[in-house]
Structure formats: structure tokens, C-alpha cells
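Beneath this line is the structure, given in C-alpha cells, with notes to follow.
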Amino acid sequence: MEFRGAHILSVDQFDRADIETLFAVADDLRAYAARMRITRVLQGAILSNMFFEPSTRTRISFGSAFNLLGGEVRETTEVKASSLAKGESLEDTARVLSGYSDVIVMRHPEAGSVAEFAQASRVPVINAGDGPNEHPSQALLDLYTIVQEMAGRGQGIDGLRIALVGDLRYGRAVHSLCKLLALYEDIDYHLVSPPDLEAPTEIVQSLRQRGHRAAAYHELEPGINNVDILYVTRTQEERFPSQAEANRYRGLFRLNQAIYTEHCQPNTVIMHPLPRDSRSAAQELDADLNENPNLAIFRQTDNGVIVRMAIFALVLDVAGAVHDHAHPVTWYTAKRTPNEP
């Protein structure tokens, strides 16, 4: 794909060469994400962060990524705080905001809404999640994390064995990650969920048509056996018709250290797109896993900044100029503790 000026709306836009390009830029930006060096390559550029659904990690991650490249961030965090609450259309909002911005990141509760917005925008738009549909940057940072974790074990992505656990029906991060992994060879998917929350049929069929193995499991323990990656996701309560229905699945598939020790390989990587539900009756990942060196959830969040920096650098066509606008830092970086295994 041509990154320059592109909207990033779906993982369907990417092929393996695109991913390799993005990840090479991400690798090049690691020192800037860690604040070991500073660049001002996007000085004077403005990001509009438009989040019409609750978000902490994604919103701040995108904002931090843009700041670390030298740009400025403007934010709207609720529909009621925007003119959409007054009946303004997405098209009109896009026309207006693209006059104020150089790039727009948008999250919206309705599937397809970000693509509709992008059609009227005069600047690149990045999809930060459109309802239950897609979350491309989350999938990209997840894949980048998998690449990093597997490389540390001397392995690549081809031939990967991954268990995806939890709400696979509404989990947009899972949908996007499945599509990205399908670009590789010989992937073994363990789709672990309650019967009513299975992955969409069209996604499963697509994986099998590409020659991958995709098996459904309705119990946790057999589904997490013999995998390299264990990707757990919370029940997407906000997508259910009622809270009462969502409560039926709360805490149903719950991983703790005892279950991990008994049923997983010793080096199985544990991932989660976050937030994990820490309420006692709802946990997907128990706190007793926090000391497990294979728990990669915080390495994921660190990688989110790096990957989103790379997206901005490519879409705004400054990847080759980052180092020309850089200088070292001497302040508090020595005190920063990385999220290492």
C-alpha cells in the first residue's frame, strides 16, 4: 500500500510487505519511544483525537506517539462534548475537523462509522475502533508484540500456535488480529469461547480458506494446551443488549497461575488487549499472574506507542526525516524501568 496520506481503516489494507515496512520503522523509533532520544519531525503538526467511546490506553497512546514525534494533540472524548450531540452529521464534522488538523484518530461505537467519516475528511483518518468491527492499530501492535516475543524464543510467525480466549463475537481486537495473522503461513488458531460468543463465521471460514487451522473450544483447559501465544480478551459488556446478558459470561473463562502451570507450556506468552477486568468476580487474568515473566500485557502497551509512532511517521511521510530532527536526552531516562520479561 501507499502509506503517504492514507486512511488506516482496516487491517484488510495490509499485506506482509506493508507490515514489514511498518515494523522496520517501529524498530527505528524504539529509542524515541523510550525517551532516549528526542525528535521534532512533526513540530507544528496537529492531531485531532476524536474518541466517542470510552478509552484510556488507545487515546493516550496515540496522543503520546504524536507528541513524541514533536506534534500537538487536540482531543474530544465524548459525543455530548461535540457537535454530533447537536445533530451534526459525520460528513460535516469531518469537513470541519480536517480543516483544523493534519491527521485525525477516531473511535466510534458504530461499525463503519470511521470509514464514513474518512470519506469526507481532507486529511488522513486512523480507525481507533468502530464498534464491534475492527481495531487495526491494536492488531498491529499485537502482531508486533508477537514478533518480538517469538524472536526472543528464536521463532517466527509462520507455524504459530495461538489460543484466542473469551468474547470472540464482539472482540474487535481479536477480529483484526485474526486477519493479520492470516497473512502468514500455517497458523493454528484455538478459538476458545462460550458457544454464544464464538468468532464470526465469516472470519473462521476465511482463515480456513487461506489454509490455516481454526478449531473451536468451549472449555478453557483443552483450548490453551500446546500453544505459543495465549491471547485473552474481556467480555465486551458494552456490546450486549443488556447488562444482565453480559453478566452471564463474567468470569467464565478465567486464567490464573495454577491453570497456566497445569495446562500451558512453560514459555507460553500471555497477552491481552486491555483493559483486563480486575473485579473479583470478573477477572480474565488473575493478579497472581503478574509475576509470571511470560505475561506480556505491559510490553504490549509499550509497543502500542512505538507502532502508532510508526503509523504517523509513514502516513505523514516523515519516517526518513526523523533522525534529521533529533537530539539526545540526558534527563530522567536512566530511571525508567522497561517492561522486560
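The values are calculated or read from the model by the stated rules, or taken from the named source; none is laboratory data. The shown structure was predicted, so the numbers you read here are calculated from the model rather than taken from an experiment. Virtual Cβ from ideal backbone geometry, glycine too; neighbours counted across all protein chains shown. Side chains included, ligands, DNA and RNA excluded: accessible areas come from the protein's heavy atoms. Shrake-Rupley method; radii C 1.70, N 1.55, O 1.52, S 1.80 Å.
Annotations for the structure displayed:
- Hey, S82 over 22 Å from the mean Cα position of the chain (by Cα), small (G, A, S) and either surrounded by fewer than 20 Cβ atoms within 10 Å (Cβ to Cβ) or at pLDDT below 90 (or both) or not: yes
- Any chance F23 is part of a helix (DSSP H, G or I) and touching a Leu at 6+ places or on another chain (Cβ under 9 Å): yes
- Residues that are among the aliphatic types (A, V, I, L, M) and under 14 Å from Q148 (Cβ atoms) within the range 271-304 comprise M271, A296, I297, listed in sequence order.
- Residue match in the range 159-171 (condition: open to solvent by 10 Å² or more (accessible area, probe 1.4 Å) and of a type in the set (A, V, I, L, M)): no
- Scoring V96 on the criteria (1) more than 17 Å from the chain's Cα centre (by Cα); (2) part of a helix (DSSP H, G or I); (3) in contact (Cβ under 8 Å) with a residue 24 or more places away in the chain leaves a single failure, condition (3).
- Test result for E202, open to solvent by 30 Å² or more (accessible area, probe 1.4 Å) and in contact with an Asp or Glu (Cβ under 7 Å, 6 or more places away or on another chain): no
- Condition met for I311 (in contact with a strand residue (DSSP E or B) (Cβ under 9 Å, 6 or more places away or on another chain) and either open to solvent by less than 60 Å² (accessible area, probe 1.4 Å) or modelled with pLDDT under 95 (or both)): yes
- Taking the conditions (1) surrounded by 22 or more Cβ atoms within 10 Å (Cβ to Cβ); (2) touching a strand residue (DSSP E or B) at 6+ places or on another chain (Cβ under 7 Å); (3) charged (D, E, K, R); (4) over 23 Å from N339 (Cα atoms) in turn, D188 satisfies each one other than (1).
- Of residues in the range 256-276 being surrounded by 13 or more Cβ atoms within 10 Å (Cβ to Cβ) and not in a loop (DSSP other than H, G, I, E, B), the one nearest to the chain's Cα centre (by Cα): M271
- Selected residue (criterion: farthest from A65 (Cα to Cα)) from residues of the range 102-121 that are open to solvent by less than 10 Å² (accessible area, probe 1.4 Å) and of a type in the set (G, A, S): S113
- Residue, modelled with the lowest pLDDT, within the range 50-79, restricted to residues that are of a type outside the set (S, T, N, Q), open to solvent by 20 Å² or more (accessible area, probe 1.4 Å) and assigned to a helix (DSSP H, G or I): V79
- Subset of the range 314-326 that is open to solvent by 10 Å² or more (accessible area, probe 1.4 Å) and over 20 Å from M1 (Cβ atoms) - its residue that is modelled with the lowest pLDDT: A326
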